[in-house]
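Structure, as structure tokens:
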Amino acid sequence: MSSIIKISGLTFVYQGSKVPALDQINMDVKQGDFIGIIGPTGAGKTTLALCMNGVIPHFYPGDFYGSVWVDGKDTVENDCAVLAGSIGSVFQDPEAQMVAMVVEDELAFGLENLNLPRHEMERRITEALEITGISHLRYHSTSRLSGGQKQRVAIASAIALHPKILVLDEPTSELDPQGTEIVYDTLKNLNENHGITIIVIEQKIQYLAQYCSRLMVMDKGKIVIEGSCREVLARQDILKPLGINCPPVTQLAHMLKERGLYHGEYPLKVDEAYMVISKVLQDWGNFK
Amino acid sequence: MPALVEYIPKDTLVHRLNPITKILWTLAVLSVCFILQEPLAIFIVLLSNILVAWLSGVLKQVIPAIIGLFIFSLVLILFQIFFVKEGNTLFYVIPFINLGRVTDVGLKFSAVLALRMLATTSTIPILMTTTQMKDIIVVLTEKCRVPFKYSFMLVTALRFIPTFIEEMDQILQAQRSRGYETDTSNPFKKLFIIIPLAIPLLILSVKKAEKMAISMEVRGFGAGPRSYYNRVDMKKTDYAVIALLGTITLAVLIM
């Protein structure tokens, strides 16, 4: 697989700040990846996302070192609008992202900016609404949607632009567990069936563990660990001090390991944990 | 949400008209009111506006706005009526010391002024309740060649109103829950009460605006030529209404 985002030696200092928000970041995202980024507040997660879609350095002033290549385009030389064709973005506050008063027009906004013909807009709007499962909201007023609906409208308006990459900054911060699951199922569908590379910043680690193919932990502007979910979650010695609580099933396996009762891989889901526990109990029964 | 002048979805003749036609109607009312000099004639124009509101089924929403404008026009009369010196004295407000002289010319003059104000401004709530903002934007940018940035500014200002009302409500509750006194009948005290409410609202709105700007930027806003999803066509009824409006305006001008 070829890399679709390549970040090398990226350092960014916001104007008026002395501490770099990002410090020597190197990152290589392959096409079709589903990457989760986690870390304490102020770790630079949002700044990293803003560097990918070109908002930094075009919107926020500051000192920018290193290079960011997105889909073969240098983000310093290409405007946000040019990058918009490659990378779609969804931000934390879904309310503030809405520009139109009707859902349909909200999706049309980005397409109008790309100067697409009307029939093509029509097609893409229908498609994006179907993928995100909100076709029934097409003619609804954007101000009267629930948090989860707004979030899905934001995702739909991003994917209507047919991006190759989707960057989401805490897309489920205002959602309940059910709404969160719906959003992640939508992302999984986009990743698996539409080949969209997904990068998601998230605080709820159990969802990252369940859905992502790779995890990245950030702290103080640096990437602390990076790897597959199992590799990262195994390093509880690093995660604990950062205040990242592993999913309960992983914690359980960790405790079993500490007591020397279990030696295999870390489980990420409940059914995997079930296998682990039955194995431990079986071994224990044999031992007795 | 409080009773703001908002689009009321209905399927009436007025709703179906092209925004251009409706904007031309407001302009026609405006010019007719300024040509006419008789209070009664301008009153008839005002009645015609109310008739249009009734035809489009938005009378219930428009009447409060007209009542508000009516109060405002009464104030306007008060400010005007005593300053006209010409004409025959009709009566004095305080008779024995001859204070507050009201003349027939003055009464007519201020009545014309107030009715003009009422008739010309009452078209706006009717326009807003029967026309979707996005359609106005489309005709402004496509037909009237207003740069998209300006019409977008207008629609965004309107879109943010419900958001700000919600924010204000939250701030109000937050401050109240911390024991902040927000109720008073003293208008001067009210001025000071508003400060701890207005400052958070201002900061929040600047932040919201910034987020929205970023969200627009990453969706390719301002990249170059732009196409439009919504389309508004002129229909036969539009041409008929425009012709009628033109005839009436011309007739009034000649008479």
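Where a number appears in this text, it was derived from the coordinates with a stated rule and is not lab data. Small disclaimer: the values here were computed from a predicted structure and weren't measured. Methodologically, a virtual Cβ is constructed for each residue, glycine included, from the backbone with ideal geometry; neighbour enumeration extends over all protein chains shown.
Work out, step by step, the length gained on full extension between A:S141 and A:H119: first 0.36 nm times the residue separation, then minus their alpha carbon distance; give nm to one decimal.
5.7 nm
Work out which helices of chain A, taken as complete DSSP H runs, extend at least 24 Å along their axis over the Cα atoms and score a mean Kyte-Doolittle of -0.5 or more, then list them.
Numbers: long enough: A:270-287 (25 Å, 0.14).
In chain A, the long hydrophobic H runs are A:270-287.
Average projected area of the Cα convex hull of chain B, in nm²? Provide the component values of the computation, followed by the final result.
On the way: hull surface 79.2 nm².
If you wrap the Cα atoms of chain B in a convex hull and average its projections, you get 19.8 nm².
Compute the Cα gyration tensor for the range B:19-162, then decide on rounded, prolate or oblate, letting a ≥ b ≥ c be the square roots of its eigenvalues: rounded whenever a/c is under 1.5, prolate when a/b is larger than b/c in the other cases, and oblate in all that remain.
prolate
About the Cα centre of chain B, what is the dipole size in debye to 20, counting +1 per Lys and Arg Cβ and -1 per Asp and Glu Cβ, all else neutral? Write out the running numbers ahead of the final one.
Working: 25 positive and 16 negative charges, 98 e Å.
It comes to approximately 460 debye.
What is the dipole size for chain A, taken about its Cα centre, with +1 at each Lys and Arg Cβ and -1 at each Asp and Glu Cβ, in debye to the nearest 20?
720 debye
More than 28 Å apart: what percent of Cα pairs in the range A:3-235 qualify?
Numbers: 7601 of 27028 pairs.
Percent of Cα pairs beyond 28 Å in the range A:3-235: 28.
Taking 8 Å as the Cα distance limit and 6 or more residues as the minimum spacing, I'd like the relative contact order of chain A as a percentage.
Values: 512 pairs, mean separation 62.2, N = 288.
Relative contact order for chain A comes out at 22 percent.
From the helices alone, meaning DSSP H stretches of at least four residues, give me the mean residue ellipticity at 222 nm for chain A, per-run term -39500 (n - 2.57), in deg cm²/dmol to the nearest 500.
Computed mean residue ellipticity for chain A: -12000 deg cm²/dmol.
Taking only complete DSSP H runs, can you tell me which helices of chain B stretch 30 Å or more along their own long axis by Cα positions and average at least 0.5 on the Kyte-Doolittle scale?
B:59-81, B:195-217
Need one number: nm distance between label points at B:R178 and B:L47, each 7 Å from Cα along Cα→Cβ, rounded to one decimal.
5.8 nm
Debye sum, Cα scatterers, the range A:16-103, no solvent: what log₁₀ I/I(0) at q = 0.16, 0.18, 0.19, 0.26 1/Å?
Calculated log10 I(q)/I(0) at the listed q: -0.75, -0.95, -1.05, -1.58.
Given a Förster radius of 45 Å and the C-beta distance between B:K235 and B:I67 as r, what FRET efficiency does 1/(1 + (r/R0)^6) yield to the nearest 0.05?
Efficiency, from the Cβ-Cβ distance: 0.85.
Considering Cα pairs under 8 angstrom that are at least six residues apart, work out the relative contact order of the range A:54-148 and quote it in whole percent.
Dividing the mean separation by the residue count of the range A:54-148 yields 23 percent.
Quickly work out the B:I8-to-B:L201 label distance, labels modelled 7 Å from Cα along the C-beta direction, and quote it in nm with one decimal.
2.7 nm
Given the convex hull of the Cα atoms of the range A:54-185, what is a quarter of its surface area in nm²?
Quarter of the Cα hull surface area: 8.6 nm².
Any idea what the dipole of the range B:145-217 comes to, in debye rounded to 20, about its Cα centre with Lys/Arg Cβ at +1 and Asp/Glu Cβ at -1?
That gives a dipole near 200 debye.
Just to be sure I understand: if I project the alpha-carbon convex hull of the range A:133-248 onto a plane and average over all orientations, what area do I get in nm²?
Mean projected area for the range A:133-248: 8.3 nm², to one decimal.
Using only atoms on other chains, find how many Cβ atoms lie within 10 Å of each Cβ of peptide B:227-233 and report the average.
What the average comes to for B:227-233 is 5.
In deg cm²/dmol and to the nearest 500, what is the mean residue ellipticity at 222 nm of chain B if only DSSP H runs of at least 4 residues count, each as -39500 (n - 2.57), divided by the residue total? Could you put the intermediate results ahead of the total?
Values: 11 runs with 172 residues, N = 255.
Taking each H run of at least 4 residues, the total per residue is -22500 deg cm²/dmol.
Please name which of A:P241, A:S228, A:I205 has its Cα lying farthest along the dipole of the range A:186-269 towards the positive end, using unit charges on Cβ (Lys, Arg +1; Asp, Glu -1) and the Cα centre as origin.
In the range A:186-269, that residue is A:P241.
Can you give me the convex hull volume of the Cα atoms of the range A:247-288, divided per residue and expressed in Å³?
Taking the convex hull of the Cα positions in the range A:247-288, it is 55 Å³ per residue.
Give me a single rounded figure for A:111-123: the average over its residues of other chain Cβ atoms within 10 Å of their Cβ. Before the final figure, lay out each step's value.
Numbers: counts 5, 9, 12, 7, 7, 3, 1, 5, 0, 1, 3, 1, 0.
So the per-residue partner count for this stretch is 4.
Longest segment of chain A with no chymotrypsin sites (Phe, Trp or Tyr not before Pro) in a DSSP loop having at most 15 other Cβ atoms within 10 Å?
Counting at most 15 other Cβ atoms within 10 Å as exposed, the longest clean stretch of chain A is A:140-288.
What is the Å³ per residue value for the convex hull set by the Cα atoms of the protein assembly as shown?
217 Å³
At each listed q (0.10, 0.11, 0.12, 0.13 Å⁻¹), what is the log10 of I(q)/I(0) that the Debye formula gives for the range B:117-255 modelled as equal alpha-carbon point scatterers?
For the range B:117-255, the Cα-only Debye profile gives -0.62, -0.71, -0.80, -0.87.
Averaged over B:149-162, how many beta carbons belonging to a partner chain fall within 10 Å of each residue's beta carbon? Walk me through the intermediate numbers first.
Numbers: counts 0, 0, 0, 2, 0, 0, 4, 3, 0, 1, 6, 3, 1, 5.
For peptide B:149-162, the averaged partner shielding equals 2.
If you take the beta carbon distance between A:M255 and A:K30 as r and set R0 to 35 Å, what does 1/(1 + (r/R0)^6) give as a FRET efficiency, to the nearest 0.05?
Values: r = 34 Å, r/R0 = 0.97.
Using R0 = 35 Å, I get an efficiency of 0.55.
State, to one decimal in nm, how far the label point of B:E166 lies from the label point of B:L99, with both points 7 Å from Cα in the Cβ direction.
My value for the distance between the label points is 5.3 nm.
Apply 1/(1 + (r/R0)^6) to the Cβ-Cβ distance of A:K269 and A:V76, taking R0 = 30 Å, and write down the FRET efficiency to the nearest 0.05.
Efficiency computed from Cβ-Cβ geometry: 0.15.
If you build the Cα gyration tensor of the range B:145-217 and take the root of 5 times each eigenvalue, what three semi-axes come out, in whole angstrom, biggest first?
Over the Cα atoms of the range B:145-217, the semi-axes work out to 31, 14, 9 Å.
Relative contact order for the range A:247-288: what is it in percent, counting Cα pairs under 8 Å that are at least 6 residues apart?
Answer for the range A:247-288 is 38 percent.
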